[in-house]
Each structure stands twice: as C-alpha cells, then as structure tokens.
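The values are calculated or read from the model by the stated rules, or taken from the named source; none is laboratory data. What you see is a predicted model; the values in this text were computed from it and never measured. Ideal geometry is used to build each Cβ from the backbone, glycine not excepted, and the neighbour counts take in all protein chains shown. Just so you know, the surface numbers come from the protein's heavy atoms only, side chains and all, with ligands and any DNA or RNA stripped out. Shrake-Rupley method; radii C 1.70, N 1.55, O 1.52, S 1.80 Å.
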Amino acid sequence: MYLALLVIFLQFSELYTQDKVFTFNTVEIKVEPSVKVRNGAPMSIICHADISKSADFQLKYNFTIFKDHKLVFMTVSDTGDAQYEVPVAKSSDTGDYQCTVKADKKTRSSDPVHVWVTGMTKPTLTADKRDVLEGEVVKLRCELPEEDPPLQFCFRKIKTNSTPRETCVPESYTNFSVLEVSVEEGDNILQFDCFGRRNVKLEWEDSAHSNKTLVTVREPFIKPTLTTVPSSNNVTEGDQIQFECSTVVVEMRDIEIILQKNKSILNSVQDKKLLRYSTVATLEDSGEYLCKVEQGGASKTTKLNVVVSELFPKPTLVASMTKLDKNKELILNCSINGFQTANFSIIRKNANGDIPLKNSQTLKMRVNVNDTGSYTCKAEVKGIVKESKPVRINVYAPVSKPTLSVAGGLPEVVLGKPLQLICHSVMGTPPKTFRFYKGDDVEKIVINDTYATFLDENIRLNDQRGYRCDARNNHSSGVKTSDILNVTVIVPVRDASLGSVPYGEVEDGSEIAFLCSVKEGSLPILFRFFKKTDNEVLLFEKIEHRDRAMWHKETMKRQDTGTYYCVASNRANVDVRSQPITISVILAAWKKGVVAALVLITIAGAGALALWWFLRKKKKAKGPSMEMSGSALAANLTSEKLARQPNDGDYYSGPDLESAEVEYTEVEVSTLDPHRAPVQKGTETVYSEIRKANNGIFARSYLALKIVSYTGFLQYVIFLARNWIRKYNAPENLPLKGRLSCPVTARTLRRDFCSNP
C-alpha cells in the first residue's frame, strides 16, 4: 500500500515539474528618448525579457544593468520588464549599456547598446591674482565638476589685437586642471578663459568656454636707454668711446643691467639704475650693442648699432721668395698703402708665441732649414696696432741619394707572390717626390716625407729588368737616383718523388738506397727523408745544389719495415711531399738455409732416437740367445727385391717378423757419368737395418722420411743458388722501380744511382 502511494506521489511530482517549464526567447535593452541624448535631458534605460512558459505560473526576474561593464542598476520584478531612470543626463553617462536577466536557474544577457550624451557642462575658471607685475606668474584653475575623467583642459591667453595663445593639459584622474602662466613684457591687460574636451568613439567633443577672467599687468621698470659718447656714427679708430645704459624702476630690488655685443657680456651692474663702459675704439668694435634690464622674471632690452671708421689699413708683408734653397738670402718688406708714418715690426709666428725678429720695415736674412715657417708684420699708429696676413716661407735642403731595398730584407721574391720595395732618402726637406722604375719604365710616383713603397705584383721568372728609384724636392739641385737593385726570383719546389733500390723487398742485413727528386725548384733544395709512424720520424736530411738527393742505408733490419716518403723545400718555404713507398725487410737466404738445416737435423735426430729406442726395447725382448745368419737371409732378400718390379702395384709388407733377423749388407754403388754432374767417384756403404718383426710398416716409413728430407733440402739449396745467379749475374741495365730519374746498373747498386748532373 505504501509503495503504491509513493509511486502515485512521484508521478504527480513529475507532472507538476513538467508544468513549470520556461525558456528565454530574447533579452533586449532600449533607450528613451534615443541613444543620443542631450546633456541635461532625462534618459531611461529599459530592459525587456521575452519568455515562453509551458503553463501560466509566476516567476521572479532579477534584472542587472551594466555601463561599460560596471554595475549601475539592479532590481527584482514579477514582470519581464525593468527600467533605469536618469533624470539629468551628463556626459559621464555616455557608454555601452547591457542588461542581464536571471530567472530560476537560467540567465540571459542582451546585446550592448551605446548611449551618447552629447554636450558638456560649462567649466569654471579662477585666477589667484588679478593685478600682477611683468615677470610674475598667474595660477589659473579650470574645473568641470559634473564631468568624469579622463578629460582635457585647454587654457587661452587673450591679448588685445592678437590671436589667443592656447595651452592644453590632459587630466586622466581629476575633473580639474591648474596652469601657471608667466606675464611677459608688453602684457598690459590680459584675459583668460578655458574649455573642456573629451574623446567619445575616437571623436573629440568640446564644452562651452568658461567665464573670462581679467588680469591687469604693471611694469616693474621702464625700457632702458643706450647712448654712446662720441655719437655711435662718429667714432674713429683710436677714439675713446663710452657706453651708458639706464632705466627707471618701481622698486630697487634684485634689478640687473647688462651690456652685450654679439652675445658677449662686456659689463654688468646690480641694484643700480645706470651702467657705464668705455674702451679705445677699433674696427672690431663696430657692430650691434644690446642693453638688457632684468628683475625677477621681467626683462626688457634696447639695441644700438655702432660704426667705427678706419684710421689706417692693415699692413702688407712682401717676401722676395717664398720657396728657396738653404743658405739663400731672404728679404721681407712691410708697408701700408697710402700711409708712411707708422711703427713697423717683423714677427715670426710660433705655436708657443710670436718671435719678434726686427723693429723695422725691412728684414734681410740668410736662411736655413729651421727658418721655414710663417711671418707677419705689425704697424702701430696712435696706439692702434694692426697685423698683416701671414706669409709662408719654405727653405729646402737637397735630398740625399736614395736607397732601394726589399721590405723583407733579402733581394729575392717567390714566384707568384708580390714584391714590396722601399725607397728611402734620409736627408732633404719634405715633401719629397719618389719615382719607381722597373727597367726604364716608370711604375709609380709617390709624394711623402722620407720614404715611399712600391708593390710589384707582376713577377715573372725570366724578367731580367732591375729596379731603381729617384727622389727630389723643391731644392734646385734636382733629382738623386738610387743604385740598381736586382731581385732573385725563387721558384718553389714542385712534384717530389721517392724511389729505392731494391724496391719493395730487401733482405735482412742488406743495404738499400733511397733517391728523392723534384721536377723543378730554385737551388739549393733541402731534402728530408721520413718513416711514417704515429709520430713522423725524420731519418735523414741533406741540402743539395741539384734536383735530387740520395740516402744510403747500409744495413736493413726487420724493424725497418714500413712506409717511407720524402719532403723537399727551398727558400720559398713551401714543403712538397712525395707519394709514400712501402719497404718490406725479409729473411736473408743464408739464414733460411740455416733454419732449414736445423729443422732437418732436428727431424733426423728425433728419428734416430726413436729407432735406437725401438731396437733397444726389441733386443731386451729377444734375449741374448738370438743369432744372426746374415748371409743366407741377405741372399734371399736380395733375390726377392730384384724379382719385384717398381710399378707392379704390389704392396710390400716386409719379411715374416717371427723369423726376421738383422743383417748388414755391403752394397757397391757406381757413380754417374762425370760429364753430367761434378760428382766424385767412390763407394758408399749403406747399412740397412731390417727388423724381423710384425711392425714392418715403421721400417718403411722411416726410410721414406729420410729420403724426403734429403730431397727437400737439396731442392731448397738449388732454389737459393738460382736466386743468387739471377740477382748478381742479371743483364747490365736493371730498371729502378719507384719512379727514379736515371738508369741504375748492378755495378752502381752499392754506392750511387747515377753520376752528378
């Protein structure tokens, strides 16, 4: 029963829940009267939610309105509408508005709408002073109390009959701005106003102009007067001229009077109304003078132009010669055009100060090289001193005979590389002109003080032309020429090759000769012989005045096996390396024979020892009762051997071991024809030991081993003899392997390859 009630309750709950289904269709926001509202007018922001329901039931709506993502209004309503009222719209109400509606657990937001409140409120302007002196500062304050930052404030300074001067100040965090304005000379009656400015959607919007503020300006002192005695247009050189600058001040406090000419201060006074300055007039005193009076920030100036008439022109210095040889006479004369009565002096200019030479109109002197320099003369009339333009005098010593040398030191050059020459003249007054010659051709002209260089990049092997140079300056002696310099052209070494005799293989203890040669290169040549190892080993070196060098090594050892090469070089300092050759040191022929003999002797000794051991053992087994019947058994054996043919194919198994006896038989062997081989006649007795036992195979094996051993040794001796004959009795013109440059014969093998070239 309870279960049935629970099921019914759940079904009713599900039906009740399904009846309260709703969804947001749209959420909209609108502005009344429009999205563009005049400043000061009322404005309404209305948010509307369009919702669909599954049945007629009540919902609670939470409305939130944002301006530029900042919360400005929030309310709860039973209907789908909410309204945000702005009774007086201000420019700060401009922005993007958006509405968000939340019902139950669902939320929906509208699209943003931009509202522009046009126009700004009128700013107010105040000044801290209404009556000021020239040079003082007026502090202005412009304020927009109903506007929000960021703002920009523009101040205007208005003078009578002139265009207003505008100064704008941005303010990011306040709705007011303060500006200090300096009152300048000539600002009698000033008016100030201001206006505000803001940026809306990348467009500037200005407010109305503020109230105008009037400021009265008073002068702290009058404009100064500047006079001269004598008059500014009646001054002659040598006259005493006096300047006077004066003014009238309201208050004698921190006042200063300054006299200037071309921005240079001539004189100044403080807390006084009058300035005086006097000097002897010269032509340089002509120009514009300025009198300036300053007090605080106020400043006033007066200008006066002064013209000074010339008393006499500048003197002129004339030299008899400006370029002359050492020990020649020089005459200097100083004069004034159209003016005779003056005090003259002739001076030599110097970096450490002028050097007076003579208080006269004319100077005669015999010059030396040290007299080179600039000379002037001075003339004095009525205390006015004028100086002539400088005259340059150059005194020349003759050049010495130049020397021509190679920059590297030695008079030689490597073929293909440039040659640098230096021409040097120790004596003589600079500048000097150097000329380089190759043969009779002028290659280069250089102007320098003591030396000059020449780079010849066209070096040829058979060029026989010598080099020379000459030097000269402005001395009348003319040109000096150097000695002829002949330069040796060094040809680098090229194509080195290495050979040897014998080539490839050499017997242990024998001699060997290595020959290193080059295809070309200037003499002398350094030849070096190396053996190639982990660390390159220098074996032999020699300097030759020919294109080859030989190294003779008398005894070769097994450790001398390896790879050899040679390196050739000359004064060109270019190492040329040959191709390597490999030399193998093999065992000598006589050592091979000794080894073979030792091997055969060892084998024979081992066989004899084995036979002795076998016979001794056999004899102990037979006992002392054994007898020997040699003749009968020997005859039978001999007849049996003669009856057998050498190629009958039968296998010899030996006599019956049970009745076998040892027999010694003397056999006479006749020698061969003496014309066939040089063999000595004689009789050989061969003792054949025949064992009468079951192991006859051992006897036959022993005899075969002895025959093979003696036969192999004989063949080895014949092989060594043939090699000896082939080596030392070969044809005379034996070719040298390894790319040697001359023929080698058997007679020259031991000492040298070929005669000197």
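Within the set of other residues whose C-beta is less than 13 Å from the C-beta of Ser44, count the net charge using Lys and Arg as +1 and Asp and Glu as -1.
Working: positive: Lys30; negative: Glu32, Asp81, Glu85, Asp93.
Surrounding charge for Ser44 is -3.
Can you give me the accessible area per residue for segment 74-127, using a 1.4 Å probe, in Å²?
Values: 2720 Å² over 54 residues.
Result: 50 Å² of accessible area for each residue.
In whole Å, what is the distance between the alpha-carbon centres of segment 547-617 and segment 354-428?
What the calculation gives is 82 Å, centre to centre.
With a probe of 1.4 Å, find how much accessible area segment 221-309 has per residue, and write the answer as a whole number in Å². Walk me through the numbers on the way to the answer.
On the way: 4800 Å² over 89 residues.
Heavy-atom accessible area per residue stands at 54 Å².
Would you mind checking which residues have amide H under 5 Å from Val506's amide H? H placed 1.01 Å from N; only 5 or more apart, or other chain.
Placed amide hydrogens put Ser584, Val585, Ile586 under 5 Å from Val506.
What does the accessible area per residue of segment 356-505 come to in Å², with a 1.4 Å probe and no ligands, DNA or RNA counted? Please report the intermediate quantities before stating the final value.
On the way: 7910 Å² over 150 residues.
Solvent-accessible surface per residue comes out at 53 Å².
Take the alpha-carbon centre of segment 458-525, take the same for segment 260-283, and report the distance between them in whole Å.
Result: 84 Å between the Cα centres.
Would you mind telling me the share, in percent, of accessible area of segment 316-396 contributed by carbon and sulfur at probe 1.4 angstrom?
45
Calculated FRET efficiency, Lys159 and Glu251, Cβ-Cβ r, R0 35 Å, to nearest 0.05?
Working: r = 25 Å, r/R0 = 0.72.
With R0 = 35 Å, the Cβ-Cβ based efficiency is 0.90.
Express the Stokes-Einstein translational diffusion coefficient of segment 202-350 in µm² s⁻¹, to the nearest whole number, given a Kirkwood radius over alpha-carbon pairs, 4 °C and a viscosity of 1.567 mPa s. Display every interim value, and only then the final one.
Details: Rh = 20.4 Å.
Translational diffusion coefficient: 63 µm²/s.
List the lysines whose Cα sits under 28 Å from the Cα of Lys620, skipping any in the same chain fewer than 8 residues away.
Lys692, Lys706
Straight-line reach from Lys60: which aspartates and glutamates fall under 16 Å, measuring Cα to Cα and dropping same-chain residues less than 8 apart?
Within the straight-line limit of under 16 Å, Lys60 reaches these aspartates and glutamates: Asp50, Asp78, Asp81, Asp104.
Tally up the carbon and sulfur contribution to the accessible surface of segment 214-315 as a whole percent, 1.4 Å probe, everything protein left in place. Could you put the intermediate results ahead of the total?
Numbers: 2500 of 5500 Å².
The value for segment 214-315 is 45 percent carbon and sulfur by accessible area.
Could you tell me which trypsin sites (Lys or Arg not before Pro) in segment 480-543 are loop residues by DSSP with no more than 16 other beta carbons within 10 angstrom of their beta carbon? Let's see the in-between values first.
Details: sites: Lys480, Arg494, Lys519, Arg528, Lys531, Lys532, Lys542; in loops: Lys532.
Of the trypsin sites (Lys or Arg not before Pro), the ones in loops of segment 480-543 whose Cβ has at most 16 other Cβ atoms within 10 Å are Lys532.
What's the magnitude of the charge dipole for segment 316-396 around its Cα centre, counting Lys and Arg as +1 and Asp and Glu as -1 at the beta-carbon? Answer in Debye, nearest 20.
Values: 13 positive and 6 negative charges, 16 e Å.
Charge dipole of segment 316-396: 80 debye, to the nearest 20.
Report, in listed order, any pair from Lys30/Lys122; Lys159/Lys212; Lys531/Lys553; Lys417/Lys532; Lys417/Lys438 with a Cα-Cα distance greater than 23 Å.
Values: Lys30/Lys122 29 Å; Lys159/Lys212 12 Å; Lys531/Lys553 13 Å; Lys417/Lys532 32 Å; Lys417/Lys438 17 Å.
As for pairs spanning more than 23 Å Cα to Cα, those are Lys30/Lys122; Lys417/Lys532.
Keeping all protein chains in place and using 1.4 angstrom, which order do His69, His475, His545 fall into by accessible surface area, from largest down? Provide the component values of the computation, followed by the final result.
On the way: His69 165, His475 30, His545 135 Å².
Greatest to least solvent exposure: His69, His545, His475.
What is the gain in length, in nm to one decimal, between Arg546 and Gln270 on full extension, counting 0.36 nm per residue of separation less the C-alpha to C-alpha distance? Walk me through the intermediate numbers first.
Numbers: separation 276, 0.36 × 276 = 99.36 nm, distance 10.10 nm.
In short, 89.3 nm is gained.
With +1 on each Lys and Arg Cβ and -1 on each Asp and Glu Cβ, how big is the dipole of segment 403-490 about its Cα centre, in debye rounded to the nearest 20? The partial results should precede the final answer.
Values: 10 positive and 10 negative charges, 30 e Å.
About 140 debye.
If I compute solvent accessible area with a 1.4 Å probe over the protein chains, what percent of it on segment 403-490 is carbon and sulfur? Numbers along the way, then the final one.
Values: 2400 of 4890 Å².
Answer for segment 403-490: carbon and sulfur cover 49 percent of the accessible area.
For every other residue with a beta carbon closer than 10 angstrom to the beta carbon of Lys378, add +1 if it is Lys or Arg and -1 if Asp or Glu, then tell me the sum. Mind dumping the intermediate values first?
Values: positive: Lys314, Lys386; negative: Asp354, Glu380, Glu387.
Net charge in that neighbourhood comes out at -1.
Counting Lys and Arg as +1 and Asp and Glu as -1, each charge on the Cβ, what is the dipole of segment 274-426 about the Cα centre in debye, to the nearest 20? Please report the intermediate quantities before stating the final value.
Numbers: 20 positive and 12 negative charges, 38 e Å.
The calculated dipole for segment 274-426 is roughly 180 debye.
Quick one: order Thr376, Thr302 from most to least accessible surface, probe 1.4 Å. Walk me through the numbers before you get to the answer.
Working: Thr376 0, Thr302 25 Å².
Largest to smallest exposure gives the sequence Thr302, Thr376.
Using a cut-off of 15 Å between beta-carbons, work out the net charge of the residues near Ser231 (Lys and Arg +1, Asp and Glu -1, Ser231 not included). Write down the numbers at each step before the final one.
Numbers: positive: none; negative: Asp239, Glu244, Asp285.
Value of the local net charge: -3.
With label points built 7 Å along Cα→Cβ from the Cα atoms of Asp463 and Asp371, find their separation and express it in nm.
That separation, rounded to one decimal, is 4.7 nm.
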